[in-house]
1. List pairs: first residue in segment 1-25 and within 17 Å of residue 72 (Cα to Cα), second residue surrounded by 12 or more Cβ atoms within 10 Å (Cβ to Cβ) and aromatic (Phe, Trp, Tyr) anywhere in the structure, Cβ distance under 8 angstrom, at least six positions apart or on different chains.
2. At pLDDT 90 or above and of a type in the set (Asp, Glu) - does that describe any residue in segment 43-57?
3. If the Cβ limit is 9 Å and pairs must be 6+ apart or interchain, which residue in segment 69-82 that is surrounded by 10 or more Cβ atoms within 10 Å (Cβ to Cβ) and among the hydroxyl-bearing types (Ser, Thr, Tyr) pairs with which residue that is at pLDDT 90 or above and part of a loop (DSSP other than H, G, I, E, B)?
4. Can you name the residue in segment 9-32 that is of a type in the set (A, V, I, L, M, F, W, C) and surrounded by 14 or more Cβ atoms within 10 Å (Cβ to Cβ) and, of all such residues, is modelled with the lowest pLDDT?
Amino acid sequence: MKDSKLQLVWKAQGYLDAQLIKNYLESFGIEVFDFEESVGKAYGLTVGSLGEVELYVRKEKAREAEEYMRRYLEVKPDDAEG
């Protein structure tokens, strides 16, 4: 995807992974745009370039989105309450 107003913040492996991250970022009020090959979604591919989903945010929100993704990646299963 080529758009000078958007910045790539995540490459997900498959539609479900992409939706999880997209919903996570949107819960903080960050609009997320996804781009994927339609054949990957049609066949349920989750690996390789056909299964990859790129997530973009507006450039003015990119730093904020990257900070939330850093926090997301730092959480360990033991950190969850339950």
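The values are calculated or read from the model by the stated rules, or taken from the named source; none is laboratory data. These figures come from a predicted structure and were not determined experimentally. Glycine also receives a Cβ, built like all others from the backbone with ideal geometry; neighbour counts cover every protein chain displayed.
1. Note: pairs meeting the criteria are 8/56; 9/56; 18/10; 21/10; 21/72; 24/68; 24/72; 25/68.
2. The answer is yes; a qualifying residue exists.
3. none
4. 12
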